[in-house]
Amino acid sequence: MYILIAGAFEIGWVFSLKGMNGFTRLFPFIFSYIICGLGAASFLSLAMKQLPIGSSYAVWMGIAAAGTNLIGMFFLGEPYKLSRLAFVGIIMIGVVGLRLTTSE
């Protein structure tokens, strides 16, 4: 559960970077680095208490990469292609596979 929450915070961090406009807007900077960054790091750290570091990091980044792509395609007008969805699916298969083969 911690890894899912950490992934959600990481997705928020990535999207707040876009709103920073090259570090020229203060609120997205504060939101990005303090709230989302701290949330992602904190929950990833909690997950690493029970899971190996390599698996934790890979699952965390997979959730963030897939989630960012899906939100971008479905809510932000980024290019929607079946091939992109297929590759996001491959990422998710890897994430699930790592999680299933990692003992707690």
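A few comments on the model shown:
- Residues (without any contact (Cβ under 8 Å) to a residue 24 or more places away in the chain, of a type outside the set (Ser, Thr, Tyr) and surrounded by fewer than 16 Cβ atoms within 10 Å (Cβ to Cβ)) located in region 42-51: Lys49
- For beta carbons closer than 7 Å, sequence separation of 6+ or different chains, a first residue in region 1-20 that is over 14 Å from Gly39 (Cα atoms) and a second that is hydroxyl-bearing (Ser, Thr, Tyr) and in a helix (DSSP H, G or I), the qualifying pairs are Leu17/Ser32; Met20/Ser32.
- Leading residue by the ranking (farthest from Ala66 (Cα to Cα)) among those in region 13-37 that are surrounded by 19 or more Cβ atoms within 10 Å (Cβ to Cβ) and not aromatic (Phe, Trp, Tyr): Ser32
- For region 66-82, the criterion of being more than 18 Å from Ala8 (Cα to Cα) and modelled with pLDDT of 90 or more is met by at least one residue.
- Which listed residue is over 26 Å from Gly97 (Cβ atoms), of a type in the set (Phe, Trp, Tyr) and part of a loop (DSSP other than H, G, I, E, B), from Phe23, Phe29: Phe23
- The test for being at pLDDT 85 or above, farther than 21 Å from Ile3 by Cα and in contact with a Phe, Trp or Tyr (Cβ under 6 Å, 6 or more places away or on another chain) does not hold for Met20.
- Count of region 54-104 residues which are in a loop (DSSP other than H, G, I, E, B) and of a type in the set (A, V, I, L, M): 1
- Within the option set Ala64, Ala47, being in contact with a Phe, Trp or Tyr (Cβ under 7 Å, 6 or more places away or on another chain) and closer than 15 Å to Met1 by Cα holds for one residue only, Ala47.
The values are calculated or read from the model by the stated rules, or taken from the named source; none is laboratory data. Since we're looking at a predicted model, the values are computed, not measured. All Cβ positions, glycine included, derive from the backbone under ideal geometry; neighbour counts span all protein chains shown.
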